[in-house]
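Scroll down for the structure; my scribbles are underneath it.
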Amino acid sequence: MTRESHPTYLLDRTRLHDSHTLDVHRKNDGYRALETILKEGHSPEQVIDLIKNSGLRGRGGAGFPTGLKWSFMPDANKDRRARYLVVNADESEPGTCKDRVLMEEDPHGLIEGILIGCYAMRIRAAYIYVRGEYRFAYDRVAAAIEEARRANLLGKNILGSTFSCEIWMHKGAGAYICGEETGLMESLEGKRGHPRPKPPFPAGFGLWGQPTTVNNVETLFNVPFILDRGAEWYQSMGTENSPGNILIAISGHVERPGVFEVPLGISAREVLEDCAGGVWKGRRLKAWIPGGSSTGFLPASEIGLAMDHESLKNARSMLGTGAMIILDETACTVRSMEILSRFYEHESCGQCSQCREGTQWLTQILHRIENGQGRMEDLDLLSSLASGMAPGKTICALADAAAIPTHSLVRHFRDELEEHVRRGCCPVPSSPGPAAAPPRSPSVEVKA
Amino acid sequence: MHEVTHETRNNLPPTLVAEFTELCTHYPERRAALIPALHRCQEELGGWLSPETLEAVAGFFELEPVEVFGVASFYPMFHLRPRGKHLVSVCHNISCDLRGAQDILDEACKASGCTPGGTSDDGRFTLVRVECQGACTSAPMLALDGVYHEGITPEDVHRILGGVQ
């Protein structure tokens, strides 16, 4: 199966001239699913059942079944509180830039997905939380919302029906932790983005304490296609447990980096070779990250793995956001891990000591190994630190996101770590050495 | 209600007050407009959030200034110290690093006359290293005043930064 031979739908419209405009969107089946639901009077429950039957799983990283998540919203007849849909467009997992393509090139597809989701969950207000750096994506979606409003696709009595719904844009301000759904809700309420302990879950106690569902951009983008073409069509792509197509952003040492639409379950090798043109400059593959920085490093020998939730879980990794990062033979995995660790240190919100201190210590240890001052004991220290941080030891999964790649480095690249210590320097000739930013002084000195 | 009311403290320009008043109608609780409002203040009032600005925003939202400062200081996009006229943000996360972010950063330092995190002597530039900005498939990148320049070479850096006043 190559990129040309499998059916696509997610990126089809984005290749059209002026794909972001309502005119082009509607001429290419846009808003047809919404129109059908409203004209034929499908019940919200029918919509949720269809999404459940399709097997759609969230595209934000966790892969939770979308229909099931929607069904967690309390019965609107019994629970009269206001309810909200929050669109998580705070795409900030390093390596991930696929929602950006959808928002910039086909914003109406997202708006239609939001409206169908709101219809299904009887929601009348949705917020799109866009990371602050995505100025162009923000402007594109904001303009599309205005177009949709003028065409009565948004607002009161949409297309003459009894369904009314508003969509508001909301700009974040550069904090990775606000991609975590409860951190995002705190931020949307105008506070520091401190994740909340769960339970209570957002469906019962979300934005302003009201029933709330948080969905990723690409997840909602899938919804109109499923409504329009049916669950059976959806399941004809991908695998039994991970149906449909997924957007994979492949970056790093490849010939043609980019965002590609592939069926779930495709082998990582096919994405690397057929979509991205293979490892660049004719070099050999050293390591790869399957689904964004928190999913860890895998060795070249595992490039045959299938890109789906089960296969990657079995390899002690995750599909995550489907962001593949490729490292060729000239890369230093220790330096790359130091960069990631520094990132998690910077982005830790500081509520939980395991995460706040742990990420600082990881950075400090990785820095000294890369700098040629590591000790052999540091390897086990990295593992033990990471085990002390996660899983399940903190309010949210940011500590896990730092611990998983650390474990993977020690598991798969122990030789390279040991060589750093033995030689007293970075053994990779082309590596620029330790990452640029020295770790800030930790509150406690780490002793081996 | 605390005793210092929004009339006595609020010295935001009337255009921003009107804008924020409208912004608040998007949410059931006014405070939700705080972060978007801080963005607008930073854009309109000199590129950073001065203590006076934070106090004025606090007045508008009827919050204690320390509360607003606590929010502003959490988010890396808010500048709490004066900065140069133009902001250069160089991504140095993994995807950019693998494709030469270090060279981009070095050139950006030369072209702007800044050290990372610093402001040039002529006040023209502030240069910051930033974490992933979501341009991973067109790495390396830098953003000049929020506008992305992607898939760039060190030579491009001089052209991009040389073009601004």
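Which of rounded, prolate, oblate describes the protein assembly as shown, given a ≥ b ≥ c as roots of the alpha-carbon gyration tensor eigenvalues and a/c under 1.5 marking rounded, otherwise prolate only if a/b is larger than b/c? Walk me through the numbers on the way to the answer.
Numbers: a/c = 1.56, a/b = 1.16, b/c = 1.35.
In terms of gyration-tensor shape, oblate.
Would you work out the charge dipole size for the stretch B:86-162 about its Cα centre, treating the Cβ of every Lys and Arg as +1 and the Cβ of every Asp and Glu as -1, and quote it to the nearest 20 debye?
About 60 debye.
Starting from the Kirkwood radius over alpha-carbon pairs of the stretch A:13-235, derive D by Stokes-Einstein at 10 °C in a medium of 1.306 mPa s and give it in µm² s⁻¹.
Value of D from the Cα-based Kirkwood radius: 92 µm²/s.
Relative to the longest principal axis of chain A, what angle (0 to 90°, nearest 10) does the C-alpha long axis of helix A:44-54 take?
Helix A:44-54 and the main axis of chain A meet at about 40 degrees.
Cα axis of helix A:377-389 to longest principal axis of chain A: angle in degrees, 0 to 90, nearest 10?
30
Nearest 500 deg cm²/dmol is fine: what mean residue ellipticity at 222 nm does the protein assembly as shown get from its DSSP H runs of n ≥ 4 alone, each adding -39,500 (n - 2.57), divided by its residue count? Intermediate values should be presented prior to the final figure.
Working: 24 runs with 245 residues, N = 613.
Helix-only estimate at 222 nm: -12000 deg cm²/dmol.
Quick one: dipole size for the protein assembly as shown, taken about the Cα centre, charges +1 on Lys/Arg Cβ and -1 on Asp/Glu Cβ, in debye to the nearest 20.
In total the dipole reaches around 600 debye.
Compute the helix-to-body angle for A:107-121: its Cα long axis versus the longest principal axis of chain A, expressed 0 to 90° and rounded to tens.
Its long axis makes an angle of about 70 degrees.
For A:SER251, which sequence-distant residues (separation of 5 or more, or a different chain) have an amide H within less than 5 Å of its own amide H, given hydrogens modelled in the peptide plane?
When sequence neighbours closer than 5 places are left aside, the close amide H contacts are A:MET324, A:ILE325, A:ILE326.
Would you work out which of A:SER311, A:TYR129, B:GLY113 lies farthest towards the positive end of the dipole of the protein assembly as shown? Charges go on Cβ: Lys and Arg +1, Asp and Glu -1.
The Cα lying farthest towards the positive end belongs to A:SER311.
How many angstrom lie between the C-alpha centres of the stretch A:285-326 and the stretch A:61-112?
So the two Cα centres are separated by 24 Å.
Which entries in the list A:LYS39/A:LYS198; A:LYS27/A:LYS281; A:LYS52/A:LYS286; A:LYS27/A:LYS191; A:LYS69/A:LYS191 go over 30 Å, if you measure between the two C-alpha atoms of each?
A:LYS39/A:LYS198; A:LYS27/A:LYS281; A:LYS52/A:LYS286; A:LYS27/A:LYS191
Restricting things to Cα coordinates, could you compute the convex hull volume per residue of the stretch A:317-392 in Å³?
So the per-residue hull volume is 118 Å³.
For chain A, give me the percentage of DSSP beta bridges that are antiparallel, rounded to the nearest 5 percent.
45
Show me, for the stretch B:33-42, the HN-Hα J-couplings you get by feeding each phi into the Karplus relation (A = 6.51, B = -1.76, C = 1.60, θ = phi - 60°), rounded to Hz, glycine and proline as x.
Here the 3J(HN,Hα) series is 7, 4, 5, x, 5, 5, 4, 5, 4, 4 Hz.
Need one number: % antiparallel among DSSP beta bridges in the stretch B:1-158, to the nearest 5.
55
What nm distance separates the two modelled labels at A:ASN152 and A:HIS17, each placed 7 Å from Cα along Cα→Cβ?
Between A:ASN152 and A:HIS17, the simple spin-label model gives 3.1 nm.
With the Cα gyration tensor of the stretch A:110-151 giving a ≥ b ≥ c as the square roots of its eigenvalues, does the rule (a/c under 1.5 for rounded; else a/b larger than b/c for prolate; else oblate) give rounded, prolate or oblate?
Oblate, because a/c is 1.5 or more while a/b does not exceed b/c.
Each reported figure results from applying straightforward, stated rules to the coordinates on display, with no laboratory input. Here the structure is a predicted model, which means the values were calculated and not measured. Backbone-built Cβ (ideal geometry, glycine too); neighbour counts: all protein chains shown.
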